Amino acid sequence: MVHTVVPNIHVFADIEELSRAAAAAIAQLVAGVTRSRAAFSMALAGGATPGTLYHHLATDFLNATPWAQMHFFWGDERYVATDDEASNYRMAREALLDHVPVPEANVHPIETHFPHPDMAAEAYETVLREHFGGELPRFDLILLGVGHDGHTASLFPESPALQETERWVVPATTPGEPQQRVTLTLPVLNNAAVVYFLAAGPEKAEPVQLTLDDATDPAPCPAAAVRPTEGELHWWLDAAAAGVSAISHSLL
Ligand code: 6PG
């Protein structure tokens, strides 16, 4: 049975506006959760799209965010050194974490110093078990992007990782560079309280449309498998990724 989750679709004129609005929504989410719970646990997305959002979190909401209660994880990582320009950890440090007073103990990178990514995946699952008390992790928020091929995190089309039902973190490979990856699996992504997809640019219009369609086969379009079982699904899009025509674009 297809699990239908009604996505909340937010469309903005450009990446600057979508990022500013998504940052405000995250700040509101954080404020709500931390009123009743000590920690807000979120998984960061890699790639280029979230950079502007991270900048807004670190500037517009620098003073409004309870950074000591924030715990940062990653949805996936490229299997490179942390100072490699392809590192998702490095990107998040430069755009967000180096500019906010979050305790170092609250930053939980996917370690990439092991001889093999599978060892890194096992190590990260231990980190998650320690943080979430051994239960299937329920992130307060998971940020995701979508590739032009419909991948999300490092769940790539036709990947065996898409069939994973037990492990929370697995190694993955992609034809693109860097080929070796480590990624959260669908059981974790779909156990999130809230998932935000961020997408901008005309090259994302087709994967976004496919992903939103419940009839889409996730094997060639893994992002379509992200349907939180008891959580909210939100899309933060610019007009181009939403496939909004130039005319209606002017209405945004
Ligand atoms: C990664 C990301 C990946 C990303 C998409 C979109 O490690 O690359 O986790 O899933 O979100 O590839 O990337 P862009 O934002 O650069 O288009």
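The values are calculated or read from the model by the stated rules, or taken from the named source; none is laboratory data. What you are looking at is a predicted structure, and each value in this text was computed from that prediction instead of being measured. Note that we place each Cβ from the backbone using ideal geometry, even for glycine, and neighbour counts take in every protein chain shown. Quick note on the areas: whole protein, heavy atoms, side chains included, nothing else; ligands and nucleic acids left out. Shrake-Rupley method; radii C 1.70, N 1.55, O 1.52, S 1.80 Å.
Checked against (1) touching a Ser or Thr at 6+ places or on another chain (Cβ under 6 Å); (2) at negative phi; (3) not polar (S, T, N, Q), ALA153 passes all but condition (2).
Determine, yes or no, whether GLN69 is among the polar types (S, T, N, Q), surrounded by 15 or more Cβ atoms within 10 Å (Cβ to Cβ), more than 13 Å from the chain's Cα centre (by Cα) and more than 25 Å from GLU177 (Cα to Cα). Considered against the rule, which asks whether it is among the polar types (S, T, N, Q), surrounded by 15 or more Cβ atoms within 10 Å (Cβ to Cβ), more than 13 Å from the chain's Cα centre (by Cα) and more than 25 Å from GLU177 (Cα to Cα), GLN69 comes out as yes. Of all residues in the range 198-214, one or more are surrounded by 15 or more Cβ atoms within 10 Å (Cβ to Cβ), touching a residue at least 24 places away in the same chain (Cβ under 8 Å) and in a strand (DSSP E or B). As a summary of the residue check, VAL33 satisfies the conditions (1) within 16 Å of the ligand (Cβ to nearest atom); (2) closer than 25 Å to THR126 by Cα; (3) part of a helix (DSSP H, G or I); (4) among the hydrophobic types (A, V, I, L, M, F, W, C) except for the one numbered (1).
Name the residues in the range 32-60 that are open to solvent by 40 Å² or more (accessible area, probe 1.4 Å) and over 19 Å from THR152 (Cα atoms), would you? Within the range 32-60, ARG35, SER36, ARG37, ALA38, HIS55, THR59, ASP60 meet the criteria.
Can you find even one residue in the range 180-190 that is more than 15 Å from the chain's Cα centre (by Cα) and surrounded by 16 or more Cβ atoms within 10 Å (Cβ to Cβ)?
Step one: filter the range 180-190 for residues more than 15 Å from the chain's Cα centre (by Cα), giving 180.
Right, trim to surrounded by 16 or more Cβ atoms within 10 Å (Cβ to Cβ) and you get 180.
Yes: the range 180-190 contains one or more residues that are more than 15 Å from the chain's Cα centre (by Cα) and surrounded by 16 or more Cβ atoms within 10 Å (Cβ to Cβ).
Taking residues in the range 85-97 that are closer than 12 Å to HIS56 by Cα and part of a helix (DSSP H, G or I), and partners anywhere that are open to solvent by 30 Å² or more (accessible area, probe 1.4 Å) and more than 13 Å from the ligand (Cβ to nearest atom), the pairs with Cβ atoms closer than 9 Å and at least 6 places apart or on different chains are ALA95/HIS55. Screening GLN69 against (1) more than 25 Å from LEU18 (Cβ to Cβ); (2) free of Cβ contacts under 8 Å to residues at least 24 places away in the same chain leaves a single unmet condition, (2).
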